[in-house]
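Encoded as structure tokens, the structure appears first; notes follow it.
No value in this document is a laboratory result; all are computed from the given coordinates. In this text the structure is predicted, and so the values were computed from the model without any measurement. When we count neighbours, we look across all protein chains shown, and the Cβ atoms used for this are built from the backbone with ideal geometry, even at glycine.
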Amino acid sequence: MIIEVFFRNFYRNSARLQVDNVETREFAFQTFRGGFVRHKSFKTVDELAKFLVEKTPKHLYHSSARYRNPSEEVMDNKGWLGADLVFDIDGDHLNTEACRGVEIITIKCLEDAREEANKLIDTLRQELALEPSRVAFSGHRGFHIYVSESEVLTLGQRERRELVNFLKAVGFEREHFVKRHGRRSVVIYEEEPTGSLLRIKKGVEDARYLRIEVDEVVTQDVHRLMRVPGSLNGKTGLVAVPLTVRDLDSGVEQILKRAVAFDKGYLKFLFHKPAKGEVLFEELEVARGSVKTLPTQVAVYLELQGYGKILD
Amino acid sequence: MCTSRRELSGEFACYFPFLEKSARFLASLGLTLDVALEDKTIVNAAVARLQRALARQFPKVKRCLDKPEEEAAAARLALYMAASTKNVYILRKFADFESKYFRFLLRRIPSVQNPSCLVEIAYDLSIVAKPTAEIAPGLINLFYPMAVRWSAYLKYAPQDPHWAMINRPVVRGWVAVARNEFERILEEAYRHRMLKIAEESELAVGKVATVVDLSQFKAERYTPIEKRSSGGSNPPCMTAIMNALKAGEGVPHTARFAIAAYLVKRGWDVDQIVDLFRTAPDFNEKITRYQVQHIAGQAGGRKEYSVPSCETMATWGLCVARCGVKNPLQYGVVKKSN
Ligand code: SF4
């Protein structure tokens with residue numbers, strides 16, 4: 001398959017992986033033949049990079065957890081040392097106009113995800129005094145945010161679940177903030193909107209401010225496998241680009257441009273199903289069975305999404 | 001106050017025997033486990049303390065004025081005794097009761113009332129805390145005078161919708177809480193501390209077992225309830241709650257509510273349900289009976305409560321499987337039709 005060759009070349013020539021504490025993490029990958037391999041470990045990022053050129057996976061993951069023996073197969077023998085606090089913000093889960101029911105990545109939906117990610121980062125800072133250690137584009141419809149301060153590493157599943165509830169404002173009740181002060185009744189978040197109270201004050205006026213749409217399953221799992229920042233997403237052929245918090249200030253077009261790994265040349269593509277809409281800056285309206293010459297990245301994307309086949 | 005030399009006294013150690021500071025104080029007096037085990041008065045005091053706790057009676061405060069060091073050593077010895085019975089129910093009940101007593105004293109001992117002293121006790125329990133005045137001096141401070149790190153709050157606050165962190169001011173890493181809530185958090189941390197001491201002192205626990213006759217400590221052990229006509233199998237969430245209750249584990253209020261509401265609908269009567277709770281470390285027959293009657297619609301508002309939906313169960317952290325039903329009550333039904 002030609003895509004596998006593209007992936008290999010990428011890992012040989014231009015991959016920039018961003019992994020910390022590499023020796024303590026479990027790595028897992030999905031091959032182009034569909035197998036799933038777990039419990040790999042590497043001493044250094046270089047060792048990992050070499051492996052990627054040899055084996056060239058379709059998807060590459062690493063554990064949010066750190067282990068004493070990451071390559072042990074039985075969970076109990078791995079020796080869990082702690083786990084990053086991870087957040088996944090996915091356009092797929094956003095109930096915004098631009099994201100509802102989207103199949104192909106759209107800039108608009110990705111913009112909404114970016115806004116949500118910024119909201120999360122602000123909340124982490126203002127309310128919890130946490131600073132992201134890594135931020136990455138997921139290579140598809142969203143963003144991954146990692147926090148790895150010592151305060152979070154050993155949080156258990158229960159605490160992480162409660163934290164998600166806090167971010168999603170689950171169980172919020174206004175009455176808790178209504179207090180008697182002398183003769184009058186005061187609403188604390190109206191009087192002193194600071195930290196979470198600012199979010200609540202805004203959220204009471206406009207519900208969109210109250211909840212932060214993180215994927216709860218991802219955050220509460222202390223053994224989660226996360227896509228490795230800097231690796232290729234096998235569903236799109238885009239790079240899960242490592243970002244800085246500042247990168248999220250400007251529009252997603254910049255991010256998408258950086259995520260394009262295969263920007264040279266054109267390929268012939270046979271459509272097995274019709275496609276309509278904008279795909280990676282390319283306007284498409286094609287019927288089933290037609291053959292089109294497309295920029296390499298678009299052809300790779302469409303094949304990985306099951307729209308047809310690259311003709312080589 | 002807490003730090004003054006006078007405070008670091010037998011009296012302080014006697015009131016709060018499971019704090020680090022108290023342990024260090026006793027060690028500095030040479031009151032080690034071996035010494036305590038040799039001393040008949042201390043052994044007897046320890047036996048009495050454990051017996052009283054199992055009978056749900058507070059220790060005698062006066063002893064902290066008469067013989068504070070002895071009583072402090074006895075309290076620690078009592079914990080080892082509870083652990084060496086190898087009956088988790090005895091250990092949990094002791095830890096539960098002693099931590100309630102701890103909270104009771106936190107409110108009543110005049111010398112620990114000022115915030116800086118409370119902060120210090122929290123610190124001893126590995127909770128980073130400060131007076132809210134240092135982060136939000138205005139109204140927030142007025143209603144929520146103490147602040148703890150959010151991670152400690154998540155760890156020790158009861159798992160109960162009332163305690164959801166979103167319902168407290170959370171400012172730059174600090175959760176502001178009312179004074180009584182702060183005490184409740186410390187109580188939980190104290191209980192954890194006691195269980196941790198028991199867990200980490202295998203050697204001491206083994207020693208105690210050879211010196212003290214442990215058969216004198218009795219706690220109603222759970223007699224399994226025969227399979228009751230419940231019409232179909234119970235869903236995993238309810239089974240999990242029942243198992244936790246049977247094991248004598250502390251179970252959050254939400255779970256108690258859910259299981260009681262569920263069993264009422266399954267046709268259990270109030271007595272049967274009260275029996276199920278009997279093994280909880282903080283069991284109180286009168287209160288439990290009233291609460292169950294309330295849920296069953298026989299007291300209070302006289303409205304029978306419905307069983308929380310799977311969605312609610314999930315937000316309470318009680319859903320343990322995704323069975324594909326909307327309400328735990330439908331569990332058996334759906335399964336059969338499959
Ligand atoms: S899906 Fe419903 S019935 Fe099943 S475990 Fe979860 S809460 Fe219980």
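Once you sort the root eigenvalues of the Cα gyration tensor of the protein assembly as shown as a ≥ b ≥ c, which label holds: rounded (a/c under 1.5), prolate (a/b larger than b/c) or oblate (the other case)? Prolate. Largest GNM mean-square fluctuation across A:GLY182, A:GLY156, A:GLY289, computed for chain A with C-alpha springs under 10 Å, falls on A:GLY182.
Taking Cα atoms only, the orientation of helix B:40-54 departs from the longest principal axis of chain B by about 20 degrees.
Summarising the amide proton neighbourhood of B:VAL177: residues at separation of 5 or more, or on other chains, whose placed amide H is nearer than 5 Å comprise B:MET146, B:ALA147, B:VAL148. Using the Cβ-Cβ distance between B:GLU134 and B:LYS218 with R0 set to 56 Å, the FRET efficiency works out to roughly 0.70. Under a 5 Å amide H cut-off, with hydrogens placed 1.01 Å from N, A:GLY308 pairs with A:HIS272 among residues at least 5 apart or on other chains. Helix B:115-124 axis versus longest C-alpha principal axis of chain B: approximately 80°, rounded to the nearest ten. Tell me the net charge near B:CYS310. Cut-off is 11 Å between Cβ atoms, B:CYS310 excluded, with +1 for each Lys or Arg and -1 for each Asp or Glu. Around B:CYS310, the surrounding residues sum to +1.
Take the Cα of A:GLU282, step 7 Å toward its Cβ, do the same at A:GLU103, and the gap between the two points is 1.8 nm.
Working note: Cα gyration tensor of region B:236-337, eigenvalues times five, square-rooted, sorted largest first, giving semi-axes of 22, 16, 12 Å. Each residue in A:PHE137, B:PHE277 was given a count of other beta-carbon atoms within 10 angstrom of its own, and listing them fewest first yields B:PHE277, A:PHE137. Measuring spread by the Cα atoms of region A:169-210 yields a radius of gyration and Dmax of 10.6, 34 Å. Note on A:GLU23/B:GLU200: beta-carbon distance plugged into 1/(1 + (r/R0)^6) with R0 of 25 Å gives a FRET efficiency of 0.30.
Once the Cα atoms are used to define both axes, helix B:88-108 deviates from the longest principal axis of chain B by about 60 degrees. Work the Kirkwood hydrodynamic radius out for region A:266-310: mean of 1/r over every pair of different alpha-carbon atoms, inverted, in Å. When all Cα pairs of region A:266-310 are included, the Kirkwood radius is 9.9 Å. Peptide A:157-165 has a mean shielding of 5, counted as Cβ atoms of other protein chains within 10 Å of each residue's Cβ.
Here's how it looks for A:GLY82: its modeled amide H is under 5 Å from those of A:ARG66, which are all 5 or more places away or on a different chain.
Using only the Cα atoms of region B:10-215, build the gyration tensor, take square roots of its eigenvalues as a ≥ b ≥ c, and label the shape rounded, prolate or oblate: rounded if a/c is under 1.5, else prolate if a/b is larger than b/c, else oblate. Prolate, since a/c reaches 1.5 and a/b exceeds b/c. Please label the shape of chain A as rounded, prolate or oblate, based on the square roots a ≥ b ≥ c of the eigenvalues of the alpha-carbon gyration tensor (a/c under 1.5 means rounded; beyond that, a/b larger than b/c means prolate, else oblate). Since a/c reaches 1.5 but b/c is at least a/b, the shape of chain A is classed as oblate. Using the Cβ-Cβ distance between A:GLU175 and A:ASN9 with R0 set to 41 Å, the FRET efficiency works out to roughly 0.10.
Centre-to-centre separation between the Cα atoms of region A:172-190 and those of region B:144-216: 28 Å.
For region A:194-271 versus region A:20-36, the spacing of their alpha-carbon centroids is 21 Å. Each label was represented as a point 7 Å from its Cα along the Cα-to-Cβ direction; for A:ASP249 and A:GLU47 these points are 3.9 nm apart. Computed with the Debye formula from one identical point scatterer per Cα of region A:158-312, without solvent, the log10 of I(q)/I(0) at q = 0.18, 0.19, 0.20 Å⁻¹ comes to -1.09, -1.14, -1.19. Here the extension length gained between A:LEU81 and A:SER185 equals 32.6 nm, from 0.36 nm per residue of separation less the Cα-Cα distance.
Please rank B:TRP174, A:TRP80, fewest neighbouring Cβ atoms within 10 Å first, as an exposure proxy.
Working: B:TRP174 27, A:TRP80 15.
Ranked by crowding around the Cβ, least crowded first: A:TRP80, B:TRP174.
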